[in-house]
Amino acid sequence: MLQLLLAQDGSTTRLCEAIAAGPVTLHMIEQQIVGTVPAEVRAVLPGARFLERITCLAAHGEVLMDNLSYIALDGLAPDVRRDLEDGVMPIGHLLSRMWVRRSILDAKPSLYAKLWGAVGLPDLDASRTYCISTPEGPRMVISETFRRGMLMTPGPGEPTRDS
């Protein structure tokens, strides 16, 4: 638990990497640029175009977490936008380039329903939604569900984290 607490810097990507004792893999499930977003996202994010993406982070053959993200594209730095649209890097790695603040949101069931409709396995007790803001204002709304893979139980023949 101490390793987890020491690694926690607000980035769930880094949290997953600490638990996995190494890099995680981003799996892109869906990604598209949209003009229409759920009302709870519209109430927080500015602009007219958004990157909507559903991803999961995995390590050692285990899903650690599933994510639904809405990113306001207006005013986003070109390099960050390019890397987001490429869909090969977790958001947590991109955020290390920026000054950000996270604030927990009271998520409505529609955000989780969209996420779970794509990945299955609803689990409200293991889910949260938050807004990521930069000095320019709110940039992202992220809903995430942590999975049992966070326990990182090794499969047969796999080394344990202690070995």
Residues of the stretch 47-65 being assigned to a strand (DSSP E or B) and touching a residue at least 40 places away in the same chain (Cβ under 8 Å), in sequence order, are Ile54, Cys56, Leu57, Ala58, Ala59, Glu62, Val63, Leu64, Met65
Counted residues in the stretch 12-36 being modelled with pLDDT under 95 and open to solvent by less than 60 Å² (accessible area, probe 1.4 Å) come to 11
Note on Val41: of the conditions (1) in contact with a strand residue (DSSP E or B) (Cβ under 9 Å, 6 or more places away or on another chain); (2) assigned to a helix (DSSP H, G or I); (3) at pLDDT below 90; (4) open to solvent by less than 30 Å² (accessible area, probe 1.4 Å), unmet is (3)
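The values are calculated or read from the model by the stated rules, or taken from the named source; none is laboratory data. These figures come from a predicted structure and were not determined experimentally. Note that each Cβ is placed from the backbone with ideal geometry, even for glycine, and that neighbours are counted across all protein chains shown. These accessible areas exclude ligands, DNA and RNA; they are computed on the full protein's heavy atoms, side chains included. Shrake-Rupley method; radii C 1.70, N 1.55, O 1.52, S 1.80 Å.
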